[in-house]
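Worksheet for the structure shown next.
Read-outs throughout are calculated quantities, based only on the coordinates presented, and are distinct from any laboratory measurement. Small disclaimer: the values here were computed from a predicted structure and weren't measured. With ideal geometry, Cβ positions are generated from the backbone for all residues, glycine too; neighbour counts draw on all protein chains shown.
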Amino acid sequence: MQKVLAGLISVFFFLSGCSVKSTPPVDEYTIILNDLSKSNIKSTKCHKSVLKILAPFGAQEYATSDLNYVVLPNEQNRYNLSIWSNSLSSTLYKEITKSIKQSTLFESVINYASVAKSDYILEIEINDFKQYFLKDLKHSYVVVDLTFTLIEQKHFRVVAQREFMKKIKTKSLDAKGGVEALNNAFKDVTTEMISWLEEVCQ
């Protein structure tokens with residue numbers, strides 16, 4: 001009886017050992033704007049104004065940490081072992097807010113949750129922000145497409161609206177290459193957006 005019991009215990013531990021598999025590590029990525037080129041912004045009508053930046057809106061996928069890609073023409077997937085460290089929309093919001101503050105275009109730049117009064121509101125729409133693979137899976141590129149709308153708070157009047165889109169080839173056919181290209185494209189879009197705001201404020 002003891003031999004049978006010992007044998008059953010051995011089999012149990014053997015099967016348990018086989019069922020335990022090591023989980024591959026998950027790579028986390030983020031978007032960071034470093035060394036954003038600064039233009040010599042002169043005094044404008046916005047210098048004494050307060051800007052409130054609203055939270056970005058767009059497809060539900062941008063409110064998650066999923067790192068998605070598309071195999072053309074229309075097959076959408078997500079990387080299993082690569083994710084955003086935070087939701088993409090919250091990361092873009094943080095970086096856009098930071099870049100506008102650094103531009104010193106406005107007297108103050110406040111968060112969407114602030115109860116303080118503002119002179120202008122900036123809406124951000126995420127139209128596209130992902131990596132694309134050609135059908136042969138031998139080439140890929142990224143697309144960053146954002147629309148910005150500046151609104152006068154007092155009368156809720158649209159002052160100006162502009163869509164910015166950048167398409168950049170990736171250096172490698174993986175999540176790392178995609179994120180690197182997305183970061184570069186986002187930097188270009190943000191730089192152009194700051195220049196556009198400066199023109200609007202003239």
*Taking H as built 1.01 Å from N, whose amide H comes closer than 5 Å to the amide H of residue 130, not counting residues under 5 places away?*
143
*Any chance you could run the full-extension gain for residue 135 through residue 77? It's 0.36 nm times the residue separation minus the Cα-Cα distance, nm to one decimal.*
19.5 nm
*Which aspartates and glutamates have a Cα less than 14 Å from the Cα of residue 166, not counting those fewer than 8 places away in the same chain?*
128, 145, 180, 188, 192
*Report ³J(HN,Hα) in whole Hz for each residue of region 137-148, in order, from the Karplus equation J = 6.51 cos²θ - 1.76 cosθ + 1.60 where θ = phi - 60°; Gly and Pro get x.*
6, 9, 9, 8, 8, 10, 10, 10, 9, 10, 10, 10
*Extension gain (nm, one decimal) between residue 116 and residue 188, 0.36 nm per residue minus Cα-Cα*: 22.8 nm
_Sort 119-129, 105-115, 73-83 by packing, meaning the average of other beta carbons within 10 Å per residue, with the highest value first._
119-129, 105-115, 73-83
*Modelled FRET efficiency - R0 35 Å, residue 162 with residue 87, Cβ distances, 0.05 increments*: 0.90
*So for 157, 162, fewest C-beta neighbours within 10 Å to most, what's the order?*
157, 162
*What ³J(HN,Hα) values, in whole Hz, does the Karplus curve 6.51 cos²θ - 1.76 cosθ + 1.60 give for region 72-88 when θ = phi - 60°, with x put for Gly and Pro?*
4, x, 7, 9, 9, 9, 9, 5, 7, 10, 9, 9, 6, 5, 9, 4, 4
_I need to check one value: relative contact order of region 141-202, counting alpha carbon pairs closer than 8 Å and at least 6 residues apart, in percent._
34
*Taking amide H positions as placed 1.01 Å from N in the peptide plane, with prolines and chain starts having none, which residues 5 or more places from residue 27, or on another chain, fall under 5 Å of its amide H?*
82, 83
*Would you please give the residues with an amide H less than 5 Å from that of residue 58, counting only those at least 5 places away or on a separate chain, with H modeled from the backbone geometry?*
126
